[in-house]
Amino acid sequence: TNSKLFSFLHYFSYLCPQFMNEPKLMCIKRITIYGILLLMALTMQAQTSAKVKERVAEIRKLYADAKENMAYNDQDEYPAKTNMEVTYYYMAPGAGPIKHNIMYYVSDEEDDVGMLTGFKTYFVSDSYNSGARKIYEEYLFDLETGKLAFAYAYEENGDDTKNELRYYFYKNGKLAHKDVKVNSEWGTYFDENQAKDRAANLQKGFGLIMEY
């Protein structure tokens, strides 16, 4: 990398006076500064890329563990279910009748002596229609922080196209990475902010239900 940078600086040291009408030494200094800034930017980009890959790998492991727990939980012989299913209907202006089917998967919360104190959601799915659209969403939560770690949406649109969206979040709630495939000319309503809002509302809904 250093040899390539030296060649770059050497080459432009000859061209610079001709095209920039500057003294050669001044031009070398200018290019050197640009080169250093370029290296710093490339280093920061590489560090950010490594950080993103690490977080995405963590979330995929978290997702796989959640799916394994859910599969075990859904077995008929499992003695104590830790999930809840909610189905509700309503009429939306311009969209007609809408049906939501929400699945909550939760983890027990215990105190220091092992007494059950409550439940914390670690995975929520929501399947519903919106007019001609059929939508399926998933939300994966970090049990350590309680914050959204991953959001997924699959949309079958009324124009025979499909959208698929994935959002990965750091533990502080900031977006780490997104994989968005939008094929509909209608676009999609499901951006990272919408994912956060939906996840928060679903968590709030679970809390309100558990109060009763």
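The values are calculated or read from the model by the stated rules, or taken from the named source; none is laboratory data. It should be emphasised that the depicted structure is a prediction, and the values quoted were computed from it without experimental measurement. Every residue, glycine among them, receives a Cβ derived from its backbone with ideal geometry; neighbour counts consider all protein chains shown. To get the accessible areas, we keep the full protein, side chains included, count just its heavy atoms, and leave off ligands, DNA and RNA. Shrake-Rupley method; radii C 1.70, N 1.55, O 1.52, S 1.80 Å.
Can you tell me which residue in the range 96-115 is farthest from the chain's Cα centre (by Cα), limited to those that are within 25 Å of residue 127 (Cα to Cα) and aliphatic (A, V, I, L, M)?
Only one residue tops the list, namely 98.
If the Cβ limit is 8 Å and pairs must be 6+ apart or interchain, which residue in the range 56-69 that is in a helix (DSSP H, G or I) pairs with which residue that is hydroxyl-bearing (Ser, Thr, Tyr)?
Every condition considered, the pairs that remain are 56/168; 59/168; 66/105; 66/122; 69/105; 69/122.
Which count do you get for residues in the range 68-83 that are modelled with pLDDT under 75, among the polar types (S, T, N, Q) and surrounded by 10 or more Cβ atoms within 10 Å (Cβ to Cβ)?
Counting residues in the range 68-83 that are modelled with pLDDT under 75, among the polar types (S, T, N, Q) and surrounded by 10 or more Cβ atoms within 10 Å (Cβ to Cβ) gives 0.
Being without any contact (Cβ under 8 Å) to a residue 40 or more places away in the chain, part of a loop (DSSP other than H, G, I, E, B) and among the aromatic types (Phe, Trp, Tyr) is the requirement here; does residue 167 meet it?
no
Considering the range 126-145 alone, what residues qualify as being acidic (Asp, Glu), surrounded by 16 or more Cβ atoms within 10 Å (Cβ to Cβ) and more than 16 Å from the chain's Cα centre (by Cα)? Even if it seems obvious, please write down each step before you answer.
Here is the first cut: in the range 126-145, the ones acidic (Asp, Glu) are 126, 137-138, 142, 144.
Among the residues that remain, those that are also surrounded by 16 or more Cβ atoms within 10 Å (Cβ to Cβ) are: 126, 137-138, 142.
Residue satisfying the conditions is 126 alone.
Residues that are modelled with pLDDT of 90 or more and open to solvent by 70 Å² or more (accessible area, probe 1.4 Å): does the range 146-156 have at least one?
Looking for residues that are modelled with pLDDT of 90 or more and open to solvent by 70 Å² or more (accessible area, probe 1.4 Å), one finds at least one in the range 146-156, hence yes.
Quick one: count up the residues across the range 142-196 that are β-branched (Val, Ile, Thr) and over 24 Å from residue 64 (Cβ atoms).
Qualifying residue count for the region: 3.
Of the residues that sit in the range 162-193 and are under 17 Å from residue 128 (Cα atoms) and open to solvent by less than 60 Å² (accessible area, probe 1.4 Å), which one is modelled with the lowest pLDDT?
Within the range 162-193, the match that is modelled with the lowest pLDDT is 188.
How many residues, within the range 85-125, are open to solvent by less than 20 Å² (accessible area, probe 1.4 Å) and among the charged types (D, E, K, R)?
Matching residues across the range 85-125 total 0.
State the number of residues belonging to the range 173-212 that are part of a loop (DSSP other than H, G, I, E, B) and closer than 19 Å to residue 154 by Cβ.
The number of residues fulfilling the criteria is 10.
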